[in-house]
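**Student:** Pasting in a structure now, in structure tokens, and then I'll have a few things to ask.
The values are calculated or read from the model by the stated rules, or taken from the named source; none is laboratory data. Quantities reported herein were computed from a predicted structural model and do not represent experimental measurements. A quick note on method: Cβ atoms are made from the backbone with ideal geometry, for glycine too, and the neighbour counts reach across all protein chains shown. Note: accessible area is taken over every heavy atom of the protein model, side chains too, but ligands, DNA and RNA are not part of it. Shrake-Rupley method; radii C 1.70, N 1.55, O 1.52, S 1.80 Å.
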Amino acid sequence: MNHGIIQTIDVKKYFHIGKQQVVKSVDGISIEIYEGETFGLVGESGSGKSTLGKTIVGLTNPTEGTVVYQGNNVKDLSKKEQHRINRETQIIFQDPQASLNPRMQVGDIIAEGIDAHGLAKGKQRKERIHSLLERVGMNPDVVKRYPHEFSGGQRQRIGIARTLAVQPKFIVADEPISALDVSIQAQVLNLLNDLKGLENLTYLFIAHDLSMVKHISDRIGVMYLGNMMELANSQELFNEPTHPYTQALLSAVPLPDPTISRRDRIVLKGDPPSPISPPSGCKFRTRCPHAMEICSHKNPEWKEVKPGHWTACHLYAN
Ligand code: SF4
């Protein structure tokens, strides 16, 4: 297995609402993402997955805990080193419409990072923009056009070209295909997958749906109300999910051939509780079909149930 490129150690991100209320958006997450892998991160809205992604790339500071990049605590590094890490760790957002400046031409949008980090000038800069557009499957002739002249899928390609322009090593892809038409989701997913190999990238791929990350992820983490519930190799998570929440999510994923085998659908009770007042003990207990007395007052330990397969559930206490 490759070395960890990113590690979070007990990372928490809390938001204060007024004087009394606190949303524990990320509530103590420790994960390591290995160089060259795609780590899928899944959870319903409000699970904290996007906040975790933004905290990892430094768009927001953790309330507590540590983010480690290539073995170094990011907070302890010099300004110059942090500037390098800001370049090497990038994020692709869900909504390409909102993330591209409508008043800028495509060429200038792509060159923003090149200019900010002084990576190329003049002819080299122009050549780099052209080659980036080609790499994401766009005609370089579009440099003088504006974002509104493109479809959602093309705008996401331009966003990806802008991200690649600064030669990143690690990319958080925050639901990059959710806002796109189903017909072009696969194209953008394939593009991201191809680029990963070509550019030696590592991804944290965030999605609300397990089926979206299944085929592209090496490992998958499942979040619920700010906590990690389960983490395993992608295949193992699909074949042998241990956590009742993962089991419920998987039961809703359609099987490719329903005649081969059938998963019984587990219907979860109610909506996720408010992150402002999450349940005591196991946060999933109000919707869990296996909840026991202990679940209401004791937070389950994060336990390795098989090599590399972690789960947080009292069913696996021994
Ligand atoms: Fe369900 Fe209890 Fe396990 Fe939580 S700890 S998932 S409530 S069985």
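**Student:** Quick one: grab the alpha carbon gyration tensor of the stretch 58-180, order the square roots of its eigenvalues as a ≥ b ≥ c, and give me rounded if a/c is under 1.5, else prolate or oblate depending on whether a/b is larger than b/c.
**Tutor:** Oblate, since a/c reaches 1.5 and b/c is not below a/b.
**Student:** What order do you get for 91-101, 161-171 when each peptide is scored by the mean count of other beta carbon atoms within 10 Å, highest first?
**Tutor:** Going from most to least packed, we get 161-171, 91-101.
**Student:** Using alpha carbons only, how many degrees (0 to 90, rounded to 10) separate the axis of helix 122-135 from the longest principal axis of the chain?
**Tutor:** In the chain, helix 122-135 runs at an angle near 50 degrees to the longest axis.
**Student:** Hey, what number do you get for the chain at 222 nm if only DSSP H runs of n ≥ 4 count, each worth -39500 (n - 2.57), divided across all residues, to the nearest 500?
**Tutor:** -8500 deg cm²/dmol
**Student:** Just to be sure I understand the model, the point goes 7 Å from the Cα along the line to the Cβ. What's the resulting residue 35 to residue 108 distance in nm?
**Tutor:** 3.8 nm
**Student:** Could you give each residue of the stretch 40-46 its phi-based ³J(HN,Hα) in whole Hz, using Karplus coefficients 6.51, -1.76, 1.60 with θ = phi - 60°, and x for Gly or Pro?
**Tutor:** x, 10, 10, x, 5, 5, x
**Student:** Taking H as built 1.01 Å from N, whose amide H comes closer than 5 Å to the amide H of residue 229, not counting residues under 5 places away?
**Tutor:** 222, 223, 224
**Student:** Answer with one residue from 138, 184, 202: the one whose Cα lies farthest towards the positive end of the charge dipole of the chain, charges on Cβ with Lys, Arg +1 and Asp, Glu -1.
**Tutor:** 138
**Student:** How high is the relative contact order of the chain, given as a whole-number percent (alpha carbon pairs under 8 Å, six or more residues apart)?
**Tutor:** Contact order relative to length: 20 percent.
**Student:** Treating the Cα atoms of the chain as identical point scatterers in vacuum, please give the log10 of the normalised Debye intensity I(q)/I(0) at q = 0.06, 0.16 Å⁻¹, two decimals.
**Tutor:** Each listed q maps to, in turn, -0.22, -1.37.
**Student:** Related question: What order do you get for 123-131, 151-159, 224-232 when each peptide is scored by the mean count of other beta carbon atoms within 10 Å, highest first?
**Tutor:** For the peptides 123-131, 151-159, 224-232, the packing ranking is 224-232, 151-159, 123-131.
**Student:** Still on this model: Using only Cα atoms, what is the ratio of the radius of gyration of the stretch 176-242 to 2.2 N^0.38 Å?
**Tutor:** Cα Rg divided by the expected 2.2 N^0.38 Å: 1.19.
**Student:** Which cross-chain or sequence-distant (5 or more) residues have an amide H under 5 Å from the amide H of residue 60, H modelled 1.01 Å from N in plane?
**Tutor:** 55
**Student:** Okay, next question. Using a simple charge model, +1 on the beta-carbon of Lys and Arg, -1 on the beta-carbon of Asp and Glu, nothing else, what dipole does the chain show about its Cα centre, in debye to the nearest 20?
**Tutor:** 740 debye
**Student:** Helix 152-164 against the longest principal axis of the chain: what's the angle in degrees, Cα atoms only, rounded to the nearest 10?
**Tutor:** Result, in degrees: 80.
**Student:** If one computes the Cα centroid of the stretch 145-183 and of the stretch 260-318, what distance in Å separates the two points?
**Tutor:** Spelled out, the Cα-based centre of one part sits 35 Å from the other.
**Student:** What does the accessible area per residue of the chain come to in Å², with a 1.4 Å probe and no ligands, DNA or RNA counted?
**Tutor:** Per residue, the chain has an accessible area of 50 Å².
**Student:** Only four residue types carry charge here, +1 at the Cβ of Lys and Arg and -1 at the Cβ of Asp and Glu. Report the dipole size of the stretch 11-96 about the Cα centre in Debye, rounded to the nearest 20.
**Tutor:** The dipole magnitude comes to about 440 debye.
**Student:** Something else: Based on DSSP, what percent of beta bridges with both residues in the chain are antiparallel, to the nearest 5?
**Tutor:** Looking only at bridges with both residues in the chain, the antiparallel portion is about 60 percent.
**Student:** Does anyone have the angle between helix 106-116 and the longest principal axis of the chain? Alpha-carbon axes, 0 to 90°, nearest 10?
**Tutor:** For 106-116 against the chain, the angle is about 80 degrees.
**Student:** Could you look at the stretch 4-316 and say what percent of its accessible area is carbon and sulfur, using a 1.4 Å probe and all protein chains?
**Tutor:** Taking all protein chains in place, the stretch 4-316 shows 48 percent carbon and sulfur surface.
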